[in-house]
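Working notes, structure below.
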Amino acid sequence: MNGAISHPQVLEEALIAPHGGVLKEGYLPASEAEVLKQRSAALPGINLNIRQLCDLELLLNGAFSPLEGFLDSRDYERVVEELRLADGTLWPIPITLDVSEAFAAQLAAGSEIALRDPQGVPLAVLVVSDIYRPDREHEARQVFGSTDRTHPGVADLLERTLPVYLGGRLLGIQAPTHYDFGELRDTPRSLREWFSAYGWSRIVAFQTRNPMHRAHYELTLRAAEKVGANLLIQPSVGWTKAGDVDHYTRVRCYRALMPQYPHGSARLSLLPLAMRMGGPREALWHAIIRKNYGASHFIVGRDHAGPGNNAQGKPFYGPYDAQHLLERYQDELGIQAVPFPVMVYAANRDTYLPSTEVEEGDEVRDISGTQLRRHLQEGSEISDWFSFPEVMKILRERYPVDMPRGFALFFTGLSGAGKSTIAQAVVAQLLEQTSRPVTVLDGDEVRKHLSYGLGFSREDRDANVTRIGYVAGEIVRHGGIAICALIAPYAAARAQARDLVQAHGDFIEIHVATELAVCEARDLKGLYAQARTGKIAHFTGISDPYEVPEQPELRVDGTASEPAVQARQILSLLRGRGLLGA
């Protein structure tokens, strides 16, 4: 990758300027950072989640220039409404730090808070300039164009994002630690220095969150040739879409692909970006970020950063909406957008060509992501035209034929709804038909062991659900089946459990929607009666809310039919998803 320069005519050109003119890096000098690190131990602080951690890293290294911290309310409101910061600078995605009401209550303008990684290592201090409570439904409509929770960005915003935003300037202590692919983890400054050292100034960047196959290779090769530029392959390796191929496997695939490019013409570099799957706005954001890394051109393909279909089965965004938005801001953007149609394989010509060049009589071949996964699961042959042997070898290693796909059934509903009973019927029918390992995580049993000592406050309930989600995710990661049955009253905690499982396999939420009166009538322990007289506090359905799942994979009535019948319905759903044999 680091060889000869393929476009020597551009040696005298300067690299594109960062967005806003200056690369905004937030790290303090080493001596000052050490002092702040010691002082941060006494500050109120939070351990960042994956999205916040990715955002922090890109704020501190300058990838989000001209931002110097998390948005205050003035910047936030204008970004949401107009795709601009308060000073008028183009910026399409809100970069916000969300905290709980309880944490925000101890803060005021001028407060300092320590921002730590999940292990508690201090990374930065935020000097708070603004504390505000956004209308997240409005943010979803404006930024994503929808409040449909099948959109992963919407689901994260409405179900997992805390209610208070903090704005302010960051004082960087140290960068997050990455133990993987260290030689590929460039900052904007280090990559710009590399470009300058090798004489690259016309650079076309390619964004991806999937393994690259021959169609992607042909697209990127043609795009670079079209604009006379070197190629930057810069995949997102932060938080992407649930169910995506893990970044370790993807990076191995990218590395295997790089020798296919002409020597010295392409560079691989990783971007720790938390994607929002925001379609057109996200495409504009991606272009700005690549501008900050030094790219002069940016490839925008069909349905760039699109999350797929909504709850009605229709695409969230039009196929060329992203290209049209970038065209609208092209003059102001600075980096040149390179729109490109889908590349398809014409079997009769034995070549790839843009879909716009397909002629009548061409025999077009394609393999969808779903078809590819099925081929990998079955071990069936995948034609040479689709991908390179080196890439397919890595994918087949990651998805061996004899390794079944793990999944979790997550039963949720009121106490007495019938969750455990239906779950037991499902387990019995599964074990009648398969020898795969099945683990039951029942809410009552988990509280005796894994969650011993937790109470019934919202925080403790959420901790219980998260623990179950973590254990279920580990079971699923090894190809097992996790059957979870618990009340799980809060949507945010259920969403977090979903994320923990979907990092490794399938998560199927089953809402057992039995009416409250029926649940009370079934209550042999008299818990509901005690709750109604105040003897039991924080009882779901009486003195504590149950947030009904809006879009579970399945909703059943615990009184509609016998548990065995409902279990057969659930197994039919599993077969339809390819999780069980026919």
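The values are calculated or read from the model by the stated rules, or taken from the named source; none is laboratory data. Note that the structure is predicted; figures quoted are calculated from it, not measured. FYI the Cβ positions are ideal-geometry reconstructions off the backbone, even for glycines, and counts take in every protein chain you see. All accessible areas refer to the heavy atoms of the entire protein, side chains included, with ligands and DNA or RNA removed. Shrake-Rupley method; radii C 1.70, N 1.55, O 1.52, S 1.80 Å.
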Top-ranked residue of the range 200-215 - restricted to ones that are at pLDDT below 95 and outside any loop (DSSP other than H, G, I, E, B), ranked as least open to solvent (accessible area, probe 1.4 Å): Ala215
Using the structure shown, decide if Ala229 is buried (at least 18 other Cβ atoms within 10 Å of the Cβ) and either touching a Ser or Thr at 6+ places or on another chain (Cβ under 6 Å) or at pLDDT below 95 (or both). no
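One line per residue, one yes/no per condition, for (1) open to solvent by less than 20 Å² (accessible area, probe 1.4 Å); (2) touching a residue at least 60 places away in the same chain (Cβ under 8 Å); (3) touching a Pro at 6+ places or on another chain (Cβ under 8 Å):
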| site | (1), (2), (3) |
| --- | --- |
| Ser31 | no, no, no |
| Lys37 | no, yes, yes |
| Leu43 | no, yes, no |
| Leu53 | no, yes, yes |
| Leu60 | yes, yes, no |
| Leu115 | yes, yes, yes |
Do the conditions hold for Glu159, that is, is it acidic (Asp, Glu), open to solvent by 30 Å² or more (accessible area, probe 1.4 Å) and under 19 Å from Arg51 (Cβ atoms)? yes
Could you tell me whether Arg189 is of a type in the set (Lys, Arg) and in a helix (DSSP H, G or I)? yes
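To keep it simple, each residue is scored yes or no on (1) touching a residue at least 24 places away in the same chain (Cβ under 8 Å); (2) under 21 Å from His504 (Cβ atoms); (3) crowded, with 24+ Cβ neighbours inside 10 Å.
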{"site": "Tyr248", "(1), (2), (3)": "yes, yes, no"}
{"site": "Val251", "(1), (2), (3)": "yes, yes, no"}
{"site": "Ser269", "(1), (2), (3)": "yes, no, no"}
{"site": "Ala274", "(1), (2), (3)": "yes, yes, no"}
{"site": "Arg290", "(1), (2), (3)": "yes, no, yes"}
Counting just the residues of the range 301-328 that are over 22 Å from Asp156 (Cα atoms) and charged (D, E, K, R), which one comes out most open to solvent (accessible area, probe 1.4 Å)? Arg328
If Leu414 passes every condition in (1) more than 21 Å from Gln566 (Cβ to Cβ); (2) open to solvent by 10 Å² or more (accessible area, probe 1.4 Å); (3) touching a Leu at 6+ places or on another chain (Cβ under 7 Å) but one, which one does it miss? (1)
Leading residue by the ranking (surrounded by the most Cβ atoms within 10 Å (Cβ to Cβ)) among those in the range 389-411 that are basic (Lys, Arg) and more than 17 Å from Ile481 (Cα to Cα): Arg398
Boolean, Leu450 is free of Cβ contacts under 8 Å to residues at least 60 places away in the same chain and touching a Cys at 6+ places or on another chain (Cβ under 7 Å): no
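Okay, residues lined up against (1) touching a residue at least 60 places away in the same chain (Cβ under 8 Å); (2) over 24 Å from the mean Cα position of the chain (by Cα); (3) open to solvent by 40 Å² or more (accessible area, probe 1.4 Å); (4) closer than 22 Å to Glu282 by Cβ:
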| residue | (1), (2), (3), (4) |
| --- | --- |
| Arg74 | no, yes, yes, no |
| Val80 | yes, no, no, yes |
| Ile93 | yes, no, no, yes |
| Leu97 | yes, no, no, yes |
| Glu101 | yes, yes, yes, no |
Do any strands (runs of 3 or more DSSP E) lying entirely in the range 468-582 carry at least 3 residues that are open to solvent by less than 40 Å² (accessible area, probe 1.4 Å) and under 24 Å from Leu431 (Cβ atoms), and which ones are they? 481-485, 506-512
Qualifying position, being of a type in the set (D, E, K, R) and at pLDDT 95 or above, among Asp148, Asp98: Asp98
Looking at the range 188-199, can you tell me whether even one residue there is crowded, with 16+ Cβ neighbours inside 10 Å, acidic (Asp, Glu) and modelled with pLDDT of 90 or more? no
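To keep it simple, each residue is scored yes or no on (1) among the hydrophobic types (A, V, I, L, M, F, W, C); (2) modelled with pLDDT of 85 or more; (3) under 28 Å from the mean Cα position of the chain (by Cα).
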position: Ala417; (1), (2), (3): yes, yes, no
position: Val427; (1), (2), (3): yes, yes, no
position: Gln433; (1), (2), (3): no, yes, no
position: Val440; (1), (2), (3): yes, yes, yes
position: Glu445; (1), (2), (3): no, no, no
position: Tyr452; (1), (2), (3): no, no, no
position: Asp460; (1), (2), (3): no, yes, yes
position: Thr466; (1), (2), (3): no, yes, yes
